[in-house]
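Here is the structure we will look at.
The values are calculated or read from the model by the stated rules, or taken from the named source; none is laboratory data. Values in this document were obtained by computation on a predicted structure and should not be read as measured data. In this analysis, Cβ positions are derived from the backbone assuming ideal geometry, glycine residues included, and neighbour counts consider all displayed protein chains.
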Amino acid sequence: MGGTMRKFQIISVASAMIIIFAGSSARAALINGSFELGTNPGAYTTLNPGATDITGWTITGQIDYIGTYWQASDGNRSMDLSGLSAGSIQQDIDTTPGITYIVTFDMAGNPGGLPTLKQLVLEAVGVDAHAFDFDITGCTTSNMGWETMQWSFVANATTTTLKFTSLVGDTGWGPALDNITLTAVPTPGAIALVGIGTVVVGWLRRRRTL
């Protein structure tokens, strides 16, 4: 009885190790990455800095919150990062210093007008930034041609501000944004512990069947 209980405890601990450390590679706590939560924008609604219409996001430069106006990448809503001029949005996220985070998002462009090349900057404020572009040639509101973009950064604080900024100024036809996700990459040590835990669980289960 004691041996069986001890094996059960070891299995439980090993399983917990797998859950905890595998969890470090799960999506981090980004809120409302597809902009589905918030005030119904109808076809679209222009939002000014400080607006609270989109749950989880702070509007720091005028943008258009898109509803039925064009085809979203994920769900029913998306965003034009340029209102009447270049705009921006941001969100504070919990991060672990030294951990690498991967940001994935879908990008397109407002096909209603120039420039043909739409550009935005993704920034982990105080850490790093990267520019992305999208060519709207051949795109329409019913076929936006969404493309998936990816970028990574290493956190240096327990809170990091993730910020998207349009580089298309003095026009209402900016870069389109949707389906943002954030994933934490496990450290090599965490991966090793997951491997050890998996081996231990497998070995003990095999022992119990002998």
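Name the one entry in 134, 105 that is crowded, with 20+ Cβ neighbours inside 10 Å, in the same structural domain as residue 31 (by TED's automatic domain parsing), touching a residue at least 12 places away in the same chain (Cβ under 8 Å) and more than 20 Å from residue 170 (Cα to Cα). Answer to the check: 105.
For segment 77-93, what are the residues that are part of a loop (DSSP other than H, G, I, E, B), under 16 Å from residue 121 (Cβ atoms) and among the hydrophobic types (A, V, I, L, M, F, W, C)? Lay out the reasoning, then the answer.
At the first step, the residues of segment 77-93 found to be part of a loop (DSSP other than H, G, I, E, B) are 77, 81, 83-85, 87.
Right, trim to under 16 Å from residue 121 (Cβ atoms) and you get 81, 85, 87.
If the condition is that a residue be part of a loop (DSSP other than H, G, I, E, B), under 16 Å from residue 121 (Cβ atoms) and among the hydrophobic types (A, V, I, L, M, F, W, C), then 81 is the only one that fits.
Scanning segment 142-157 turns up at least one residue that is farther than 18 Å from residue 33 by Cβ, of a type in the set (A, V, I, L, M, F, W, C) and free of Cβ contacts under 8 Å to residues at least 60 places away in the same chain. Of the residues making up segment 143-155, those that are under 18 Å from the mean Cα position of the chain (by Cα) and either in a strand (DSSP E or B) or more than 15 Å from residue 176 (Cα to Cα) (or both) are 147, 148, 149, 150, 151, 152, 153, 154, 155.
Go through 192, 157 for me and flag whichever is at pLDDT 95 or above, hydrophobic (A, V, I, L, M, F, W, C) and loosely packed, with under 15 Cβ neighbours inside 10 Å.
Values: 192 fails: at pLDDT 95 or above.
None of the other options fit; the residue is 157.
If I filter segment 77-87 for residues that are within 21 Å of the chain's Cα centre (by Cα), touching a residue at least 24 places away in the same chain (Cβ under 8 Å) and surrounded by fewer than 16 Cβ atoms within 10 Å (Cβ to Cβ), do I get at least one hit? No: zero hits.
Only a single criterion out of (1) surrounded by 16 or more Cβ atoms within 10 Å (Cβ to Cβ); (2) at pLDDT below 95; (3) within 21 Å of residue 88 (Cβ to Cβ) is not satisfied by residue 170, namely (1).
Picking from 64, 74, which residue would you name as being assigned to a loop (DSSP other than H, G, I, E, B), in contact (Cβ under 8 Å) with a residue 60 or more places away in the chain and of a type in the set (Asp, Glu)? Write out each step before concluding.
Values: 64 fails: assigned to a loop (DSSP other than H, G, I, E, B).
Just a single option satisfies the conditions, and that option is 74.
Just one of the listed residues (171, 96, 165, 137) is assigned to a strand (DSSP E or B) and either farther than 26 Å from residue 49 by Cα or not aromatic (Phe, Trp, Tyr) (or both), and it is 165. Here residue 40 does not fit the description of being under 22 Å from the mean Cα position of the chain (by Cα), within 28 Å of residue 183 (Cβ to Cβ) and at pLDDT 55 or above.
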